[in-house]
1. If you take the beta carbon distance between Gln140 and Ser286 as r and set R0 to 35 Å, what does 1/(1 + (r/R0)^6) give as a FRET efficiency, to the nearest 0.05?
2. Less than 13 Å Cβ to Cβ from Tyr134, Lys/Arg counted +1 and Asp/Glu -1: what total charge do the surrounding residues give?
3. So if R0 is 22 Å, what FRET efficiency would Glu155 and Gln319 give, r being the distance between their Cβ atoms, rounded to the nearest 0.05?
4. Taking the number of other C-beta atoms within 10 Å as the exposure measure, put Glu150, Glu187 in order starting with the fewest.
5. Based on Cβ point charges of +1 for Lys and Arg and -1 for Asp and Glu, what charge dipole magnitude is obtained for segment 27-144 about its Cα centre, in debye rounded to the nearest 20?
6. Dipole magnitude of segment 228-373 about its Cα centre, charges +1 at Lys/Arg Cβ and -1 at Asp/Glu Cβ only, in debye to the nearest 20?
7. For Glu345 paired with Arg132, estimate the spin-label separation in nm (one decimal), with each label point 7 Å from Cα along the Cα-to-Cβ line.
8. Working out 0.36 nm times the residue gap between Arg64 and Glu257, then minus their Cα-Cα distance, what length gain in nm do you get to one decimal?
Amino acid sequence: MLSKGSSIVAFLRRSLPLLLVVGLILLVTIFHYLTSTLHAPFHDIYRRLYYLPIVFAGVWFGLRGGLLAAAFVSLLYLPHVLWQLVPFHGNLLEQVLEMLLYHVVGGITGLLSQRERHQRKLYQQAAERLERSYAQLRHQADELIAAETELRRKERLSALGEMSAGLAHEIRNPLGSIRMAAEVVTEGLTEDDQRYEFGQILQKEAQRLNAVLEEFLGLARSPVEDVEVVELAALFAELKLQLTPLAKANRVAIVAEPSAERLEIAPLPLRQALLNLAQNAIQAMSAGGQLTLSAQRTETAIQLRVEDTGEGIDEEMLQQIFTPFYTTRENGTGLGLAITQRQVECLGGTLEVTSQPGVGTRFVIGLPLATALK
């Protein structure tokens with residue numbers, strides 16, 4: 001009932017101009033026929049009132065509406081002219097000219113209204129084209145800014161990679177010698193000897209420097225190797241087993257959702273990227289939580305998801321999270337996520353992150369559908 005009532009109201013609203021024009025014409029015509037021919041001045045007023053519905057019809061319905069209204073007025077007014085006014089007043093020519101003027105006024109009003117409506121439509125179309133062009137330009141400008149940002153990031157990574165490759169040769173050998181020398185020096189010493197303690201510190205610091213050097217080299221190396229068939233279910237199970245000790249220490253439960261997806265891809269960089277993301281997620285849950293590994297096929301990609309229920313990341317940090325050397329950890333180098341992103345990109349994929357403070361963080365590795373085996 002409500003829908004039917006709404007339809008009736010909408011129909012009446014659309015038909016209101018037409019009803020108003022027809023009603024005015026009929027009302028003036030009734031006045032003509034009910035007024036005695038002895039009151040000629042009243043008939044002069046009535047025939048002028050016909051211009052109102054004719055003008056309204058021209059404005060609302062254009063040229064055709066104005067001419068049809070004038071014809072309708074003439075059709076109703078002509079019998080009154082022939083049978084009542086002319087026999088008593090003999091002014092047929094004046095009445096005919098009046099009816100011709102009805103058509104002239106209706107035609108001119110309708111034509112002007114039609115042109116104005118056409119011009120307004122052209123202006124509206126032009127405004128819509130301008131709006132679309134502006135939206136397109138804004139989109140292209142955003143793409144250019146994003147491309148420029150990505151280019152700068154890759155330039156920094158490239159420069160860092162070249163520098164790392166050069167430093168590796170100069171640092172790695174002396175670093176190994178220092179570590180071996182520390183091991184030799186501490187041989188035969190007891191733990192109570194202060195020299196033994198200093199030797200252990202020297203070995204640990206040399207090992208830490210070597211780990212930092214490996215991270216730098218991760219930006220210089222291309223991780224792509226020969227492709228193999230990787231079953232995601234087996235990969236998730238392997239990662240879960242490897243991460244279990246770290247997860248227990250941080251009171252984190254690991255959930256590896258079942259997946260039947262099989263990928264033809266370089267296994268080492270994919271595994272390393274997932275491992276880095278999972279380790280970061282566990283470390284982000286200082287108060288415990290849940291780490292979820294899952295995979296989903298979309299229309300455009302195979303998505304590998306690493307989700308945690310940690311503290312989350314605020315918007316400002318998200319903008320810098322893949323920038324080399326950007327870190328919020330006291331002992332972090334800020335290279336882990338930059339290396340992970342490079343590994344994913346070398347696989348032809350993308351790495352995206354979404355986070356909500358107080359809820360958790362989700363990293364999504366998007367791999368091309370071409371890597372999936374049906």
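Each reported figure results from applying straightforward, stated rules to the coordinates on display, with no laboratory input. Keep in mind that this is a model prediction, so the values were computed, not measured. Every residue, glycine as well, gets a Cβ built from its backbone with ideal geometry; the counts of neighbours run over all protein chains shown.
1. So the FRET efficiency works out to roughly 0.20.
2. Numbers: positive: Arg129, Arg132, Arg138; negative: Glu128, Glu131, Asp142.
Around Tyr134, the charge tally is 0.
3. So, using R0 = 22 Å, E works out to roughly 0.75.
4. In order of increasing Cβ crowding within 10 Å: Glu187, Glu150.
5. 160
6. 360
7. 3.5
8. Values: separation 193, 0.36 × 193 = 69.48 nm, distance 6.95 nm.
Extra length available between Arg64 and Glu257 comes to 62.5 nm.
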